Each structure stands twice: as structure tokens, then as C-alpha cells.
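Chemist: Sharing a structure, written as C-alpha cells. Questions coming.
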């Protein structure tokens, strides 16, 4: 009974990571409806590898002194999202392009990001409003299924590791013990 309860709890927690939109489909700003001329992001994001985002403001925003803050949030396959982090951006000489990097942890589902735009009159606006843009991982668990180019039906494809000397020594010890038992059985 305890195991059933534990499994049920885990399934509910995993459901928390389920994101709006379509699983595995990245989302970003509509440049016609934002002060952004372009954006690029590393896609898919990969555990332990640098994820880079560059957002370029349109020329009107640059000319009127608009500033930009980028915030990220990383969610993992166990249904937990880290707190949002405002990132220190590298800004181009003309002030138009803002670039940030983060390194997603092992077993992440996606990298969320959003922008806070502050206009020259001091007014703030958030993109997207009340939500996040997303870059999905190469292996994610969402809505009860694994997805991404690094996924199988049972989870993420992991690099195979060699068994190591401990495994080999264990096999040798078992072989010697089996030979000793067989020898004693033959002498009896």
C-alpha cells in the first residue's frame, strides 16, 4: 500500500512539470508584437551544456533608450522548477543585443525565459505577460511521456560507461568461488 501511495505521489509531482503549449515545441516572442527585432536560443537545451540566448531590440527601442532584463527559470523532469533568476547580460556596443548563458542541470525539461523591458519614460512591460518563453530539452518528461531527440520510451539515453575494475574483480571472485564449490562437489 505504501508503494502505491509513493508512486501516486510521484506521478502527481511529475505532472507539475507539464507545460502549457505543445510538448517539445519551443516558444519565443512574436517580433511584430514586441520591441524585439530578433532572438536566437540554443535548441534543444542539453544537460550540462551551455545554453545561449540573444535578444535584439528593434531600432526604435534602442534609439529611445529602452533597457532590457532577461530572467530564466529551469524546470526538471521530476516536476520541480528552480526560482527565476535575473541574468547578467552581455550587451552589444549599440545597446541593441543582449546575450545570456546558463548551464542546465542534469534531467531538465526545459529552460524558461522572459524579458522585462523598461522604456525611457520609466514604464515597464513584461514579455510574455504572465507566462514564459521556452526552449525544450533534448530529453524531457511531459504529460506522461518522454520526448526529445535524446529520449526513449523509458527515459533519457545515457552514455554507456565501462563496468570498471570493481565489476571485473567481482566476476573473478565469483568464478573462483564457483570453481571451489565445483571442486568440493567433485571430491565428495
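Chemist: Please work out which residue is farthest from residue 37 (Cα to Cα), limiting yourself to the range 87-113 and to residues that are free of Cβ contacts under 8 Å to residues at least 24 places away in the same chain and in contact with a strand residue (DSSP E or B) (Cβ under 7 Å, 6 or more places away or on another chain).
Modeler: 87
Chemist: Quick one: in the range 22-40, of everything that is part of a strand (DSSP E or B) and over 16 Å from residue 129 (Cβ atoms), which residue is farthest from the chain's Cα centre (by Cα)?
Modeler: Here the residue is 37.
Chemist: Could you say which residue among 95, 48, 15 is touching a helix residue (DSSP H, G or I) at 6+ places or on another chain (Cβ under 7 Å), outside any strand (DSSP E or B) and either modelled with pLDDT under 95 or closer than 25 Å to residue 146 by Cβ (or both)?
Modeler: Matching residue, one of 95, 48, 15: 95.
Chemist: Another question, if that's okay. Looking at 116, 134, can you tell me which residue is touching a strand residue (DSSP E or B) at 6+ places or on another chain (Cβ under 8 Å), touching a residue at least 12 places away in the same chain (Cβ under 8 Å) and closer than 18 Å to residue 21 by Cβ?
Modeler: 134
Chemist: Let me ask something else. Within the range 60-80, is there a residue that is at negative phi, outside any loop (DSSP other than H, G, I, E, B), free of Cβ contacts under 8 Å to residues at least 40 places away in the same chain and crowded, with 16+ Cβ neighbours inside 10 Å?
Modeler: yes
Chemist: Based on this model, can you work out whether residue 43 counts as loosely packed, with under 13 Cβ neighbours inside 10 Å and either part of a loop (DSSP other than H, G, I, E, B) or modelled with pLDDT of 95 or more (or both)?
Modeler: In short, no.
The values are calculated or read from the model by the stated rules, or taken from the named source; none is laboratory data. Being a predicted model, the structure only gives us computed values, none of them experimental. We place every Cβ from the backbone using ideal geometry, glycine too, and count neighbours over all the protein chains shown.
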